[in-house]
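Data first, discussion second: the structure below is written as structure tokens.
The values are calculated or read from the model by the stated rules, or taken from the named source; none is laboratory data. In this text, all values refer to a predicted model and were calculated from it rather than measured experimentally. Just so you know, the surface numbers come from the protein's heavy atoms only, side chains and all, with ligands and any DNA or RNA stripped out. Shrake-Rupley method; radii C 1.70, N 1.55, O 1.52, S 1.80 Å.
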Amino acid sequence: MRILSGIQPSGALHLGNYFGMMKPAIELQEKCEAFYFIANYHSMTSLFDPAERRKNTADVALDFLACGIDTKKTVFFRQSDVPEVTELTWLLSTMTPMGLLERAHSYKDKIAKGIAASHGLFAYPVLMAADILIYDSNVVPVGRDQKQHVEMTRDIAIKFNEQYGQTFVIPEPQIREEVAVVPGTDGQKMSKSYGNTIEIFGDEKVLRKKVMGIKMDSRTPQEPKPDADKNYAIQLLKLVAPPDVARDFENRLRAGGLGYGNLKKALFEHYWNYFADARKKRAELVTNPDYVNQVLADGAVKARTLAQTVLKRARKASGLE
Ligand code: ADP
Ligand code: TRP
């Protein structure tokens, strides 16, 4: 069984990315063959500064490696090192109904946020389908917001298989319900585009300020809070603290007597501690760019070899060869 997932290099990675996508992906590498890539082609639909793309790509590579990608078990690469994926995008686009793309939530959301409605942005799900299908992927671990894209991939693959004969493996999305949506500091889904993120790595002072700034209501500390499980700091604490510790804070909040400031202080300490090893590892990796580049180059060779095989299959099936 092969799993695959990608992440756009569109800014520093945050707890939503980590718990929604990276952690499940890293755990899965123990059980099956894993392919993870940095979706720099996709980032071209919303980020237009080359220096920023280069820097973000390098940062995502460091973040992933620091968080525990095992390069002996996992093929880790940059999307653009496998240009075959753009050819497959063309083949798939001829099997993609306009209506399917018009229904994409992610496209509508991005337009609503003011991202320019380019053809690339509209065709984003077709490139994503090519990413998934070109590696014969079985399982795609993603956050809930990406589920529709994986479903579209299935539709496109089924249509291609029906038209040209069995060519592609039909993938399944994998979404962990307990972390399907990590809340940001304002309680909305944590997302770079909402400015409500807590990053995995970064300056301690800045991050402490972000945690202390998590939005709370104006009830007094003494007041019992029967809705303690809805508190954003409690929800985040459940991700970074041992279960009994998180449960204890939740109970204290429910009973009344626990101030929000103390809760947030505890959250910061657990969060900071949770990533202590990764932070150390990242600091080491920063000093060794040759190693990181070699990992990506090795990943690209492995990924490209497989991509060429699958693309050839699709070219043959469709009568290009
Ligand atoms: P952002 O919303 O910050 O731009 P991306 O869309 O680049 O994040 O998401 C990259 C990956 O991280 C995807 O698999 C996505 O589902 C997951 N992810 C992002 N934010 C969250 C969140 N708040 N909760 C759960 N998963 C998330
Ligand atoms: N669209 C995904 C996101 O924004 C990134 C991505 C690109 C991806 N290609 C993929 C995820 C293939 C999984 C599989 O998060």
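Hey, what do the phi angles of the range 142-150 turn into as Karplus ³J(HN,Hα) couplings, whole Hz, using 6.51/-1.76/1.60 and θ = phi - 60°, x for Gly and Pro?
Per-residue couplings from phi come out as 8, x, 4, 5, 9, 4, 4, 5, 6 Hz.
Output wanted: per-residue J couplings in Hz (rounded whole) for the range 53-63, from phi through Karplus 6.51 cos²θ - 1.76 cosθ + 1.60, θ = phi - 60°, x for Gly and Pro.
With coefficients 6.51, -1.76 and 1.60, one gets 4, 4, 5, 4, 4, 4, 5, 5, 4, 4, 4 Hz.
I'd like the Karplus ³J(HN,Hα) series for the range 200-210: coefficients 6.51, -1.76, 1.60, θ = phi - 60°, whole numbers in Hz, and an x wherever there's a Gly or Pro.
With coefficients 6.51, -1.76 and 1.60, one gets 6, 10, x, 6, 4, 4, 4, 6, 4, 4, 5 Hz.
Students often forget the sequence filter, so: which aspartates and glutamates lie under 19 Å Cα-Cα from residue 113 once same-chain residues fewer than 8 apart are removed?
Correct list for residue 113: 49, 102, 145, 186.
Residues with amide H under 5 Å of residue 33's amide H, sequence separation 5 or more or different chain, H placed in the peptide plane at 1.01 Å from N; which?
3
If you roll a 1.4 Å probe over the heavy atoms of the protein chains, what accessible area per residue do you get for the range 267-321, in Å²?
59
How would you classify the range 103-176 from its alpha-carbon gyration tensor, with a ≥ b ≥ c the square roots of the eigenvalues: rounded for a/c under 1.5, else prolate if a/b is greater than b/c, otherwise oblate?
Oblate, since a/c reaches 1.5 and b/c is not below a/b.
Looking at the range 202-274, how many pairs of lysines come closer than 15 Å at the Cα, when each pair is eight or more places apart or spans two chains?
13
Need the list of lysines near residue 110 for cross-linking: C-alpha distance under 17 angstrom, and skip anything on the same chain fewer than eight residues off.
Those lysines meeting the cut-off are 147, 189, 192.
Please list, ordered by chain and number, the residues whose modelled amide H lies under 5 Å from the amide H of residue 189; skip anything fewer than 5 residues away on the same chain.
Counting only residues 5 or more places away or on other chains, the set is 184.
Check residue 14: other-chain or 5+ apart residues with amide H under 5 Å from its amide H, H built from backbone geometry?
200
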